Amino acid sequence: MVDLSSHRTPAPAAHPAAAESSTPRIRTIDTNRPWVWLAAGWRDMWAAPMVSLGYGLLAVVSSFLLTAGLVMAELGYLVLPLAAGFMLIGPILAVGLYQTSRLLEQGQRVTLPAILAAYAANGAQIAAIGLVLMLAMLAWIRVAFLIFAIFFSSDPPPLDMLVDRIFFSAETIPFLLTGTIVGGVIAALVFAISVISLPMLLDRDTDVITAMGTSVEAVRHNIKPMAVWAGLIALFMAAGMSMAFVGLVLTFPLIGMASWHAYRDLVEHR
């Protein structure tokens, strides 16, 4: 049996947001709370290492296979936008990690059937938001392809010079700025609707519209701490990918489990 006190994210000292709505009540939190979520996620990782590291290893192997397939198909230029797109669908891939942290919080055993039960409970609503995230990723891939074609259609860089040509050449600054701005807008929208909606669908018998609305409200009421959280997610995931994807063994489960604690911190408990 797991000690509940060692896994529950401490409640924020700030008062709940004053606005009432049909969505659950949102707390207003301090800017330093994302660091508390990371610490709680780190504890959960090592309380259930087989699950957390197994998820991370699956992310690494999948990334390797996808990259190898793209290179063999001479589509290596899609590796970078797909790596960015991984962050867009990451929340739906981490449902099992949310469930693991939920089980630890409740003092229950973390077993494979208990984790798989997360997909059965409220499964239709979880699948619906998964579809939304998949469409967002496909939209990003399409936009990224168009941006690449606009800037490089006359002189596409060879695969072995792709990174050097894109990131270390002054002539590609307009391309990088365009891609960063467009990608940032898409990522911000996806973050707003998904940051706590999937843990909420796992935890409550509610619908996808209410969950996404609650997620947007949580971001709106806590702009600064949620901007910090978004930055930390991007930083940790980019760091994991930059090490030939190997770093995802740690960073993916860490962010996934910390996201459960973000939800518990932001949404008033029933």
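The values are calculated or read from the model by the stated rules, or taken from the named source; none is laboratory data. Values in this document were obtained by computation on a predicted structure and should not be read as measured data. When we count neighbours, we look across all protein chains shown, and the Cβ atoms used for this are built from the backbone with ideal geometry, even at glycine. Accessible surface is based on the protein model in full, side chains and every heavy atom, while ligands, DNA and RNA are left aside. Shrake-Rupley method; radii C 1.70, N 1.55, O 1.52, S 1.80 Å.
See the values below:
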quantity: F245, sole failed condition from (1) assigned to a helix (DSSP H, G or I); (2) touching a helix residue (DSSP H, G or I) at 6+ places or on another chain (Cβ under 8 Å); (3) open to solvent by 10 Å² or more (accessible area, probe 1.4 Å); calculated: (1)
quantity: Search result, residues across the stretch 109-137 that are outside any helix (DSSP H, G or I) and without any contact (Cβ under 8 Å) to a residue 60 or more places away in the chain; calculated: R109, T111
quantity: Total residues in the stretch 95-126, condition of a type in the set (V, I, T) and either open to solvent by 40 Å² or more (accessible area, probe 1.4 Å) or within 15 Å of L254 (Cα to Cα) (or both); calculated: 4
quantity: Checking E171 against (1) at pLDDT 85 or above; (2) in a helix (DSSP H, G or I), the condition it does not meet; calculated: (1)
quantity: Residues satisfying the stated conditions in the stretch 176-216, i.e. closer than 20 Å to A258 by Cβ and assigned to a loop (DSSP other than H, G, I, E, B); calculated: V195, I196, R204
quantity: Set I92, I141, I129: member being aliphatic (A, V, I, L, M), surrounded by fewer than 17 Cβ atoms within 10 Å (Cβ to Cβ), under 24 Å from I233 (Cβ atoms) and modelled with pLDDT of 85 or more; calculated: I141
quantity: Qualifying positions in the stretch 52-82 - under 23 Å from the mean Cα position of the chain (by Cα) and farther than 21 Å from W140 by Cβ; calculated: S52, L53, G54, Y55, G56, L57, L58, V60, V61, F64
quantity: The stretch 40-51 - residue that is touching a residue at least 40 places away in the same chain (Cβ under 8 Å) and assigned to a helix (DSSP H, G or I) and, of those, farthest from the chain's Cα centre (by Cα); calculated: A47
quantity: Selection count where residues are open to solvent by less than 20 Å² (accessible area, probe 1.4 Å) and in contact with a strand residue (DSSP E or B) (Cβ under 8 Å, 6 or more places away or on another chain), scope the stretch 182-221; calculated: 4
quantity: Residue in the stretch 63-77 that is modelled with the lowest pLDDT, counting only those that are open to solvent by 30 Å² or more (accessible area, probe 1.4 Å), assigned to a helix (DSSP H, G or I) and among the aliphatic types (A, V, I, L, M); calculated: V71
quantity: Any hit, the stretch 62-70, residues being farther than 28 Å from N122 by Cβ and touching a helix residue (DSSP H, G or I) at 6+ places or on another chain (Cβ under 6 Å); calculated: yes
